[in-house]
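Here is the structure we will look at.
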Amino acid sequence: MENTLENIEHEIALLSRLTTALNPKKTRLDRSGYLLLSKLSLRSPQAINAIADDLKLDVSTASRQIASLEDKGFVVRFPDENNRRISLIEITQKGKTVYQDVKNARSKAYSQILKEWPGEDLDLLEKMLKKLNQSLIHWDR
(Lines give C-alpha, C1' and ligand atoms only; values in the text may rest on other atoms or scores of the structure.)
Protein backbone atom coordinates (compact mmCIF):
# COMPACT_ATOMS: atom_id res chain seq x y z
CA MET A 1 0.00 0.00 0.00
CA GLU A 2 2.75 2.46 0.92
CA ASN A 3 4.56 1.88 -2.37
CA THR A 4 1.29 2.36 -4.26
CA LEU A 5 0.65 5.69 -2.53
CA GLU A 6 4.23 6.82 -3.26
CA ASN A 7 3.73 5.92 -6.93
CA ILE A 8 0.40 7.80 -7.03
CA GLU A 9 2.02 10.86 -5.42
CA HIS A 10 4.81 10.81 -8.00
CA GLU A 11 2.43 10.33 -10.93
CA ILE A 12 0.24 13.24 -9.77
CA ALA A 13 3.30 15.49 -9.40
CA LEU A 14 4.45 14.53 -12.90
CA LEU A 15 0.93 15.00 -14.29
CA SER A 16 0.77 18.48 -12.77
CA ARG A 17 4.08 19.43 -14.38
CA LEU A 18 3.30 17.94 -17.79
CA THR A 19 -0.20 19.41 -18.02
CA THR A 20 1.15 22.85 -17.12
CA ALA A 21 3.37 22.58 -20.20
CA LEU A 22 0.24 22.16 -22.40
CA ASN A 23 -0.89 25.73 -21.75
CA PRO A 24 -0.60 27.81 -24.93
CA LYS A 25 2.04 30.50 -24.35
CA LYS A 26 0.51 33.12 -26.64
CA THR A 27 -2.42 33.77 -24.30
CA ARG A 28 -0.45 34.73 -21.19
CA LEU A 29 -2.98 32.67 -19.22
CA ASP A 30 -1.45 30.42 -16.57
CA ARG A 31 -3.16 27.52 -14.79
CA SER A 32 -4.57 29.69 -12.00
CA GLY A 33 -5.97 32.20 -14.50
CA TYR A 34 -7.47 29.40 -16.54
CA LEU A 35 -9.24 27.94 -13.50
CA LEU A 36 -10.52 31.35 -12.39
CA LEU A 37 -11.88 32.13 -15.86
CA SER A 38 -13.38 28.64 -16.01
CA LYS A 39 -15.35 29.31 -12.80
CA LEU A 40 -16.44 32.73 -14.01
CA SER A 41 -17.47 31.41 -17.42
CA LEU A 42 -20.01 29.17 -15.64
CA ARG A 43 -21.35 31.86 -13.29
CA SER A 44 -20.49 35.52 -13.30
CA PRO A 45 -20.27 37.74 -11.34
CA GLN A 46 -19.00 36.01 -8.21
CA ALA A 47 -17.63 37.29 -4.92
CA ILE A 48 -13.89 36.91 -4.38
CA ASN A 49 -14.53 34.99 -1.15
CA ALA A 50 -16.70 32.44 -2.94
CA ILE A 51 -14.11 31.98 -5.69
CA ALA A 52 -11.33 31.55 -3.12
CA ASP A 53 -13.37 29.00 -1.16
CA ASP A 54 -14.26 26.97 -4.25
CA LEU A 55 -10.63 26.84 -5.44
CA LYS A 56 -9.19 26.23 -1.94
CA LEU A 57 -7.25 29.52 -2.01
CA ASP A 58 -6.83 32.13 0.67
CA VAL A 59 -8.51 35.42 -0.23
CA SER A 60 -5.22 37.31 -0.64
CA THR A 61 -3.95 34.75 -3.19
CA ALA A 62 -7.24 34.81 -5.10
CA SER A 63 -7.20 38.61 -5.05
CA ARG A 64 -3.67 38.74 -6.51
CA GLN A 65 -4.59 36.25 -9.24
CA ILE A 66 -7.74 38.20 -10.05
CA ALA A 67 -5.73 41.45 -10.16
CA SER A 68 -3.50 39.86 -12.81
CA LEU A 69 -6.56 38.92 -14.89
CA GLU A 70 -7.95 42.41 -14.35
CA ASP A 71 -4.71 43.99 -15.65
CA LYS A 72 -5.09 41.94 -18.84
CA GLY A 73 -8.73 42.98 -19.27
CA PHE A 74 -10.07 39.45 -18.72
CA VAL A 75 -12.21 40.38 -15.70
CA VAL A 76 -13.66 43.45 -14.03
CA ARG A 77 -14.07 44.05 -10.32
CA PHE A 78 -16.86 46.11 -8.80
CA PRO A 79 -18.57 46.47 -5.41
CA ASP A 80 -21.63 44.41 -4.55
CA GLU A 81 -24.67 46.72 -4.53
CA ASN A 82 -26.04 44.95 -1.43
CA ASN A 83 -22.79 45.02 0.52
CA ARG A 84 -20.17 47.52 -0.66
CA ARG A 85 -17.44 45.70 1.31
CA ILE A 86 -17.72 42.73 -1.05
CA SER A 87 -16.01 42.83 -4.43
CA LEU A 88 -17.69 41.01 -7.28
CA ILE A 89 -15.70 39.67 -10.21
CA GLU A 90 -17.16 39.41 -13.69
CA ILE A 91 -15.59 37.88 -16.77
CA THR A 92 -15.29 40.23 -19.76
CA GLN A 93 -15.86 39.36 -23.39
CA LYS A 94 -12.08 39.37 -23.83
CA GLY A 95 -11.80 36.95 -20.90
CA LYS A 96 -14.47 34.69 -22.37
CA THR A 97 -12.65 34.64 -25.71
CA VAL A 98 -9.25 33.90 -24.17
CA TYR A 99 -10.71 31.21 -21.93
CA GLN A 100 -12.47 29.53 -24.87
CA ASP A 101 -9.32 29.74 -27.03
CA VAL A 102 -7.19 28.15 -24.31
CA LYS A 103 -9.84 25.52 -23.56
CA ASN A 104 -10.04 24.62 -27.26
CA ALA A 105 -6.24 24.41 -27.56
CA ARG A 106 -6.00 22.23 -24.45
CA SER A 107 -8.85 19.99 -25.65
CA LYS A 108 -7.14 19.61 -29.02
CA ALA A 109 -3.87 18.67 -27.31
CA TYR A 110 -5.60 16.07 -25.12
CA SER A 111 -7.43 14.73 -28.15
CA GLN A 112 -4.08 14.14 -29.85
CA ILE A 113 -2.37 12.79 -26.72
CA LEU A 114 -5.19 10.34 -25.96
CA LYS A 115 -6.15 9.41 -29.53
CA GLU A 116 -4.91 5.81 -29.14
CA TRP A 117 -6.82 5.21 -25.91
CA PRO A 118 -9.97 3.07 -26.10
CA GLY A 119 -13.21 4.77 -25.09
CA GLU A 120 -13.60 2.69 -21.95
CA ASP A 121 -10.13 3.80 -20.76
CA LEU A 122 -11.10 7.44 -21.34
CA ASP A 123 -14.35 6.90 -19.42
CA LEU A 124 -12.43 5.32 -16.53
CA LEU A 125 -9.84 8.12 -16.50
CA GLU A 126 -12.62 10.73 -16.41
CA LYS A 127 -14.38 8.89 -13.58
CA MET A 128 -11.20 8.48 -11.51
CA LEU A 129 -10.06 12.09 -12.01
CA LYS A 130 -13.48 13.36 -10.91
CA LYS A 131 -13.32 11.08 -7.88
CA LEU A 132 -9.80 12.25 -6.99
CA ASN A 133 -10.77 15.92 -7.37
CA GLN A 134 -13.84 15.42 -5.16
CA SER A 135 -11.66 13.76 -2.52
CA LEU A 136 -9.23 16.67 -2.67
CA ILE A 137 -12.05 19.21 -2.43
CA HIS A 138 -13.54 17.51 0.62
CA TRP A 139 -10.25 16.69 2.37
CA ASP A 140 -10.07 18.50 5.68
CA ARG A 141 -6.44 19.16 6.48
Which percent of the accessible area of the chain is formed by carbon and sulfur heavy atoms (probe 1.4 angstrom)?
-> 54
HN-Hα couplings for the stretch 55-63 via Karplus (6.51, -1.76, 1.60; θ = phi - 60°), in whole Hz with x for Gly/Pro, come out as 9, 6, 10, 7, 4, 5, 5, 4, 5
Given a cut-off of under 8 Å on Cα pairs at least six residues apart, what relative contact order in percent is computed for the chain?
-> 22
Would you please calculate the Kirkwood hydrodynamic radius of the stretch 16-89 over all C-alpha pairs and express it in Å, rounded to one decimal?
-> 12.9
In terms of the Cα gyration tensor, with a ≥ b ≥ c the square roots of its eigenvalues, is the stretch 39-78 rounded because a/c is under 1.5, prolate because a/b exceeds b/c, or oblate?
-> oblate
Send over the semi-axes of the stretch 47-132's equivalent ellipsoid, whole angstrom and largest first, taken as the square roots of 5 times the C-alpha gyration tensor eigenvalues.
-> 34, 17, 10
Amide H to amide H under 5 Å from L88: which residues, 5+ apart in sequence or cross-chain, H placed 1.01 Å off N in plane?
-> F78, D80
Relative to the longest principal Cα axis of the chain, at what angle does helix 31-42 sit, 0 to 90 degrees, rounded to 10?
-> 70
Would you mind counting up the charge near L18? Only other residues with Cβ under 14 Å from its Cβ, with Lys and Arg at +1 and Asp and Glu at -1.
-> +2
With every protein chain in place, the accessible area of E9 for a 1.4 Å probe, in Å² rounded to the nearest 10, comes to 110
Most positive-pole-ward Cα, G73, L18, S63, against dipole of the chain from beta carbon charges = G73
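The values are calculated or read from the model by the stated rules, or taken from the named source; none is laboratory data. On a predicted model such as this, the values are computed, not experimentally measured, just so you know. Cβ: placed from backbone, ideal geometry, glycine included. Neighbour counts: every protein chain shown. What goes into the accessible areas is simple: the full protein's heavy atoms, side chains included, and nothing from ligands, DNA or RNA. Shrake-Rupley method; radii C 1.70, N 1.55, O 1.52, S 1.80 Å.
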